[in-house]
Amino acid sequence: MNSMSTDGITNLLKTFLDVQSRRAQVIASNIANADTPGYAAKELNFDEYLQKAANEVELPFSQRTSRNVSAADLNVVDRTPTTIGLDGNTVDTGLEMSELAQSGIDFNFGAKMLQARFRLLRSAISGGR
């Protein structure tokens, strides 16, 4: 996808898929550690990520960095616990499973949007034929 680095919509969709993939990894790690004593459930820090993206967009186009804000800019932080087990573990398996399902739904949505984008570009290149 590097050849389409100037296509902002395609880059946005690629970043969306990267974020959903990273989110699923963090959630899977939480589920895998559901029985680990003292384990603190993790989540992605979207606040800092959105702030970086917003700051980048506010700059005039000539002052923007060549590197877009990406999923690699997301920090993994401890989730504010909803429940704490007797062993100090803060993983809520029900919550994690629902978050994983939502992440999968969001990823599928992004993949369909990217497919539609490629169809649109292909149609434009072929002159609408």
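Derivation of every value follows stated rules applied to the coordinates shown; laboratory data play no part. Only a predicted model underlies this, so the values are computations on that prediction, with no experimental measurement involved.
Things worth noting here:
- For a straight C-alpha distance cut-off of 16 angstrom, the aspartates and glutamates reachable from LYS14 (same-chain residues fewer than eight places away being disregarded) are ASP73, ASP106.
- Counted residue by residue at 0.36 nm each, then reduced by the alpha carbon distance between them, the extension gain from LEU121 to ASP106 reaches 3.1 nm.
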